[in-house]
Every structure is written in C-alpha cells, then in structure tokens.
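Worksheet: the structure to be examined is printed underneath.
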Amino acid sequence: MHGSLRQCLREFLYVVVVVEILIVLFIFQGAFIDSTKSHKEIDMVIPGKSRVDINFQSALAASPEVNRNHSLTCREIEHMVLDRPVGRGTTKTAFKSTFAGQTVVVKMVTDNVKDIVACKKKKGAHNINSCFKFAQYKIMKEIALLEQLRHPNVAQLLGSCIRNEVDKNDRVMVVMELGKPVDIRKMGWPMQLQVALNMAELLHYFHNSPIGSIRIGDFKKDQFRLINGTVKISDLDDLTVEEQSCDTASDCLIMGKDNGVPCIQSICKDFNTIANIQVANKLFFHPTFSKAPSLVQEESDDLLRALSTSSLDTDSLRNRIRSIQRTYKASSANR
Ligand SMILES: Nc1ncnc2c1ncn2[C@@H]1O[C@H](COP(=O)(O)OP(=O)(O)OP(=O)(O)O)[C@@H](O)[C@H]1O
Ligand SMILES: [Mg+2]
C-alpha cells in the first residue's frame, strides 16, 4: 500500500511536469503565431504595392543619403507615368514625371528629335532602327558619365534602364533630378554671384575629375539646370576628355581667340580647362561681374582682367569668387 502511494505521487509529479512543459510550449507558440500575424497585416495594409515600392518610399522618407544610394531599375522606370515634355534637344526628349512623390525627369530618344528626323530623311524611314542606335549610344554615354561624376554641381542620377529588345527599338532611359532653366538676367546680383560660384566649382571638379580633365563640348546655357537653388550640369553626352590636337599654337585658339595655349607634343596644353573657363566667362562670369555693385567692383574688375588674359586656374577662380561673395555678404550685413 505504502509502495503504491509512492508510485501514485511519482505519476502525479510526472503529469505536473508534462503539463508545465505543455504550458511553456503553448506560450512560445502563441508568441510565434502573433509575430507571423503582424507580417500578414503589413502586407494587407498596403494592397497592390510591391515590396520594391514600399522599400523605395521608406528609403526616400528615411534620409537623402539612402535616396542617393537607391538606383531606379527598368522595372520601376517602365511603370512611371510620363507627364509633358520639359525639353527637347538634338538627341533626347526630357519628360517630367514623378516617382514616390519626388518630381523627376526621364530622358529618352524619341522619333521627333533632330538627330532622328535628319537620319530618317537621309536613310529612309525603314532604317529607323539604325538611326536610333547612335542616339541610344549617346544616352548610354550620359548614363556612364553620371555614374562616375558624382558632384553637387552635376545633376544626380536617380536610375537608368537599358533594354535590348529583339525586333524593336532598344530602349534606353535615364532618370535624374528635375531642374529649371538658368536665366541669370532674371536673377538678382547675389544669386548671379552664387551661380558664378557653382560654375567655378564645377569647372574645378572637371579639371581634376576621376576620368581626366573634361571639356564641355557644345557649352551652352541649356546644358545646365537650377536644382534646389544650385546650378548643375544636366546634359553630359557632349563631354570629352580628349585634349585638342595641334601642329602649331594657331590650332589652339578658343572661340577664334589666342589665349596663350601652347602646342606641346601635338597637344594643346590644358585646352579643355581653359576652353571651359573662357566659354563660362562669356556666358556667366562676364555678364555677372561687369555689373557688380560698387561694394565689390574693384575685386570684380580684377577678376575680369585675369579672366581676359587666361591667367587663372580653376582653384584661383573659385577662391576669387568666394572672396567676392564674402566681401559682398559682410558689407551688406553692415549696412
Ligand atoms: N534635369 C533636367 N531638368 C529639366 N529639364 C531638363 C533636364 N535635363 C534636360 N532638360 C531639358 O531637356 C532638353 C533636352 O535634354 P538634353 O540637353 O539632355 O538633350 P540633348 O539632346 O543632349 O540636347 P542638346 O542638343 O542640347 O545636346 C534640355 O535642353 C532641357 O531643356
Ligand atoms: Mg547634349
């Protein structure tokens, strides 16, 4: 009897331990089921949105740093709705669009750009594919350069799409920040000064760029856009790192003018940088500094003299403009 009581107690304790184990397992299982449920709920909260959309939106919201690192792909770009064209050049048409709340520009070759119209006339409409090839190559060049030239005065590349489609025109698209034309005639002098400084910073970067000294071929105002108050170059398909070749110094003239560029070993020395400075002087520096307010007129006149004799490197150029800006700000603050 005594022995069977002990046996009974042992069995009771065994049952208690088993029940406790079951209770613990049940609680953990409950916790596991709950966490799975919360995932399902997230999926249901945003119906119809792919994970990519959600990630991009939260990336955009998180910080500009994350945004800069996220490059849009074909899948995202091909779903973007194109708004009105904001510009049309020789090769590309630029369309306004939005992605995850951000206004952007999508550039691509269309059959009404000058290059394609001229090619169709020459080769016949049935040769449209070969006409598109060269234009597409120019956008690919722009994409490659935008990838490598990351700088505050270069429009930010947001994504690109290159599709090679059988029996169809290849599809090449580039997405970048949207900007406004840079019209210094409509700006007050302090803003013109800021534009001049942005240009000088860009030219300094181009002089020392990771791919060599870059010249802006086809340098004109329309290659630049004002993006969040900063001037950035937005058309990169005519950039070149090749320096001008020469037999004599007379082959090294810039806009028909002798800027003292020497011909050394059949190359015009520093031609790319000096040409950039001279064209930027014509388009931006001279119009700005020739109308400088009296507070900074002397410094501005000195700068214009140095520019006209081509005796400035890009570092001195930006330092002189920074100095004019400091003087101007200090004098304006004291008034
Ligand atoms: N980031 C931008 N934001 C707003 N508009 C832009 C932007 N980039 C280009 N555009 C507009 O689209 C036009 C065509 O773009 P882009 O200059 O890149 O083409 P292109 O064919 O290389 O032109 P071009 O014949 O001047 O070399 C520009 O002249 C400008 O008006
Ligand atoms: Mg161009």
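The values are calculated or read from the model by the stated rules, or taken from the named source; none is laboratory data. Just so you know, these numbers come straight off a predicted model, no measurement behind them. Positions of Cβ are generated from backbone atoms using ideal geometry, with glycine treated the same way; all protein chains shown enter the neighbour counts. Accessible surface areas use protein heavy atoms only, side chains included; no ligands, DNA or RNA. Shrake-Rupley method; radii C 1.70, N 1.55, O 1.52, S 1.80 Å.
Observations on the model:
- A 1.4 Å probe run over the stretch 180-334, with the rest of the protein chains in place, finds 48 Å² accessible per residue.
- Ranked by solvent-accessible area (1.4 Å probe, protein heavy atoms only, all chains present), the residues Ser331, Ser300 order from largest to smallest as Ser331, Ser300.
- Per-residue SASA entry for Thr240, accessible area with 1.4 Å probe, Å² rounded to 10: 40
- Accessible carbon and sulfur surface of the stretch 180-334 relative to its total accessible area, %, 1.4 Å: 48
- If you take all other residues with their beta carbon under 15 Å from the beta carbon of Thr248, and give Lys and Arg +1 and Asp and Glu -1, the sum is -2.
- For the stretch 180-334, projected area of the alpha-carbon convex hull averaged over all directions, nm²: 9.4
- Simple label model, 7 Å out from Cα along Cβ direction - Ala333 to Leu253, nm: 4.8
- Convex hull per residue volume in Å³, alpha carbons only, for the stretch 70-177: 107
- Applying the Karplus relation 6.51 cos²θ - 1.76 cosθ + 1.60 with θ = phi - 60° to the stretch 307-315 yields 3J(HN,Hα) values of 5, 6, 9, 6, 9, 10, 8, 5, 5 Hz, where x marks Gly and Pro.
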